[in-house]
Amino acid sequence: MKKQCEIVQDLLPLYVDGALKAHTEEYVNEHLGKCEVCQLVKQELLQNDNWQSTLNHREPFPSETGEKEFVGRIRSWKKRTSIVGIVLILLVSVISWMIGKNFQEPQPVISPQSDVEQKTSLSVPHLKI
């Protein structure tokens, strides 16, 4: 009977919470009907369960609220730095594009006078005196 008691006592927290399947719950009920030790363990769990339910509904400690504020500040900082990073990347991209565009445009070439300009210009022959 000791092995069955160990199994049932392992299942008792789930039994108290109502989380067992129907077949398993029947097994535990049968055993509890026969075993006084397991019935006492069940009663202790029920008493402890009431204590734990009041423990779970406690007010948060001040440190927990401070942690929430801290996490909130970190999230806002991450958001701001992401936005600033995106703006900087866009700014550098636009500046690079503008510089590259200036280098790619053909520059006017200053060449010597063309043939037409040379023929139409008046030139004074060199005079020797």
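The values are calculated or read from the model by the stated rules, or taken from the named source; none is laboratory data. Here the structure is a predicted model, which is why all the values come from computation and not from measurement. Ideal geometry is used to build each Cβ from the backbone, glycine not excepted, and the neighbour counts take in all protein chains shown.
Is it fair to say Gln107 is modelled with pLDDT under 60, not in a helix (DSSP H, G or I) and not small (Gly, Ala, Ser)? No: the conditions fail for Gln107. Of everything in the range 7-27 that's on the phi < 0 side of the Ramachandran plot and exposed (fewer than 11 other Cβ atoms within 10 Å of the Cβ), which residue is farthest from the chain's Cα centre (by Cα)? If we take residues in the range 7-27 being on the phi < 0 side of the Ramachandran plot and exposed (fewer than 11 other Cβ atoms within 10 Å of the Cβ), then His23 is farthest from the chain's Cα centre (by Cα). Which residue is modelled with the lowest pLDDT, if the candidates are limited to the range 38-81 and must be more than 16 Å from Val16 (Cβ to Cβ) and β-branched (Val, Ile, Thr)? Per the stated criteria, the residue is Thr65.
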